[in-house]
Amino acid sequence: MPANDQSPDPLRILIVEDSLAERFRLSEILKREGFEITGEIGSAEEAQEQLIANSTEEPLLDLVLVDLRLPGMDGIELCRMFKRDPRYQHVPLIMVTGEESTAQLERAYDAGVVDFIKKPFNRIESGRR
């Protein structure tokens, strides 16, 4: 839920997307909708390093947007890693993808993904999901 008069704290979102242009576009869409972007990361390994570096008990984010196709560790494995970490196991994960393969989508749901945002990004869909 974006920030509004009833909610003083905006939803904190981490974006994990290997394309700099896609990361920027998604970040700008979400900022315009009132969300706080806590990080824009280009790989699963960078996301993993950032999470390991966070020594707090509480997650520093409320939602993670993860690209399906990342270099090295893919987005599905990154989602599994989030779900194994007690600090992040209840943080919703949304997969960002142009993929329409039923098998890939099923794998993503099995890894803990709660929803999908399709590429190319649509401002209304991205801001509402």
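Some notes on this structure:
- For the peptides 26-36, 71-81, the ranking by packing is 71-81, 26-36, with the highest mean count of neighbouring Cβ atoms within 10 Å listed first.
- Each label was represented as a point 7 Å from its Cα along the Cα-to-Cβ direction; for Arg87 and Leu60 these points are 0.8 nm apart.
- With the gyration tensor restricted to C-alpha atoms of the chain, the semi-axes of the equivalent ellipsoid amount to 20, 19, 14 Å, longest first.
- Applying 0.36 nm per residue to the separation of Tyr109 and Glu33 and subtracting their alpha-carbon distance, the gain on full extension is 24.8 nm.
- Looking at the chain alone, DSSP beta bridges between its own residues are antiparallel in about 5 percent of cases.
Quick note: the coordinates plus some simple rules give every number you see, no bench work behind them. Nothing here was measured: the structure is a model prediction, and the numbers come from that model. No Cβ is skipped: glycine too gets one built from the backbone with ideal geometry, and neighbour counts run over all protein chains shown.
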